[in-house]
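The values are calculated or read from the model by the stated rules, or taken from the named source; none is laboratory data. Computed from a predicted structure; not experimentally measured. As a convention, Cβ positions derive from the backbone with ideal geometry for all residues, glycine included, and neighbour counts pool all protein chains shown. Accessible surface areas use protein heavy atoms only, side chains included; no ligands, DNA or RNA. Shrake-Rupley method; radii C 1.70, N 1.55, O 1.52, S 1.80 Å.
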Amino acid sequence: VRAVQDVLAEGLRTNQSLDGVLSAVVGRVCTLAGADGACVALVDEEGRLVVRTAQGVPAMRATIGRHSAPSVGAITHVLRDLVEMPVEAVELRVGSELAGVLAVAGDTVADFGAKAVMQAVASQLALALANRRARVAEHERAAAATALDVARERERTTAEGFRRAIRAQEA
């Protein structure tokens, strides 16, 4: 779990792409949980779960881009049909909102140790997603503030131009 924390911290520090960070985390989860494959699905703009990254068995990697209803049960059902082996999944929650699902596949994924690893990794991953969302929102607010400042300056300059034109006409 510490290795996953390090991957997440490094991704945040270096401003690495979300898919790059997720891929690194999924690789660690496969090893830590003793899984044959693992994936992360995130909720998209349309409210669907979409598999963003997957590693391990070819059938698991083939799930990238697949989507399902936004629930653990729905994505687990899709994955079980595709990989044809036991699948365990945990929610990634940001506050009360479902942000995604971490899933692993293999014969040992139902073990208590594998489930504990998944829960620990899921909590760290959800925290990283919340941090990323906060940074994106901060950048959007800064961009909006900059656009507002530009609009205000443009308005002030236009008003000053009108005042000068009126003074010139009066003179």
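Remark: spin-label model distance Leu127-Arg80 equals 3.2 nm, labels positioned 7 Å along the Cα→Cβ axis. Within the stretch 46-112, what whole-number % of the accessible surface is contributed by carbon and sulfur, with the 1.4 Å probe and all protein chains included in the calculation? Carbon and sulfur: 52 percent of the exposed surface of the stretch 46-112. A simple count of charges around Ala120, restricted to other residues whose Cβ falls under 12 Å of its Cβ and scoring Lys, Arg +1 and Asp, Glu -1, yields +3.
With all protein chains kept in place, the per residue accessible area of the stretch 38-80 amounts to 47 square angstrom at a probe of 1.4 angstrom.
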